[in-house]
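Handing you a structure now.
We did not get these values from a lab; they are worked out from the coordinates using the rules stated. Keep in mind the model is a prediction, meaning the values are calculated, not measured. Cβ atoms come from the backbone with ideal geometry, glycine included; neighbour counts cover every protein chain shown.
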């Protein structure tokens, strides 16, 4: 007998099953408010698509702090926590439209440029990798890539600053700016999956924002939702194609891993 552990929405479950039913960790029980649901078969997953900001690199809160400062100079006072809850992972142009509605006037023509300059300066000095990111990427035995709403130069800067650039070459970085389709539109994930050579139903998305989670679901993929901000509502957590995790190392118990770095 083996003892396996999994958790969902802060509910822990210990499951004791005979070895013959464990196989290769393909089947795991998920827990919802209604109890134990049908086991999820992770063995069907053949590729993983990671978000960047807030998932692999700790850049989201810093970027939003800079944004709060920039818009505050125009007279719109926002709490950082409010911005994280409303705007983390959201298309920047949609965020700017919200600001203009609140200000009841257009943003200055140089607002985006000012924000980007301040953002890039701060990120280059402060960005760190999310806990467990490097070990996960080094040991994950499935093909993987990165798909982000951020522009390519920001993706590259953050990966370099966090020490992860060597694990995700430019050929495996997909930016919404390249196709002008931003999450929650599923087009970015579908493009990444097609490039990797796998159908959507065999791909998993790792996301920390509600917009990314929705994009993954609409793309027909399984979604690993990282943290509380990834869930727009409790109903999302109960979706059979969503697995909630609190930190990246949990994926090393759910997905195939190797002891070497031959996946890079």
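Suppose R0 equals 41 Å; then what is the FRET efficiency for residue 125 and residue 239 from their Cβ-Cβ distance, rounded to the nearest 0.05?
Numbers: r = 39 Å, r/R0 = 0.94.
Calculated value: 0.60.
Simple spin-label model, 7 Å along Cα-to-Cβ: residue 178 to residue 160 in nm?
1.8 nm
While we're here: What distance in nm separates the two pseudo spin-label positions at residue 73 and residue 86, each 7 Å out from Cα along the beta-carbon direction?
2.1 nm
Based only on other Cβ atoms within 10 Å, what is the fewest-to-most ordering of 243, 114?
114, 243
Starting with the fewest neighbours, write out 155, 179 ranked by other beta-carbon atoms found within 10 Å of each beta-carbon. It would help to have the intermediate numbers written out before the result.
Working: 155 26, 179 13.
Lowest to highest Cβ neighbour count: 179, 155.
Work out how much length residue 118 to residue 232 would gain on full extension: take 0.36 nm times their residue separation and subtract the Cα-Cα distance, in nm to one decimal.
Working: separation 114, 0.36 × 114 = 41.04 nm, distance 2.95 nm.
Going from the current span to full extension adds 38.1 nm.
Given the stretch 63-188 reduced to its alpha-carbon atoms as identical point scatterers, what log10 I(q)/I(0) does the Debye formula return at q = 0.17 Å⁻¹?
-1.00
Take every DSSP beta bridge with both residues inside the stretch 120-264 and express the antiparallel ones as a percent of the total, to the nearest 5.
On the way: 1 of 12 bridges.
Antiparallel bridges: around 10 percent, rounded to the nearest 5.
Let me ask another. For residue 171 paired with residue 104, estimate the spin-label separation in nm (one decimal), with each label point 7 Å from Cα along the Cα-to-Cβ line.
5.5 nm
Also, quick follow-up: When 164, 188 are ordered from fewest to most other Cβ atoms inside 10 Å of their Cβ, what list results?
164, 188
Hey, quick one: spin label on residue 246, modelled 7 Å out along Cα-Cβ, who in the stretch 194-212 has an amide N within reach, i.e. under 19 Å?
Zone members listed by number: 207-209.
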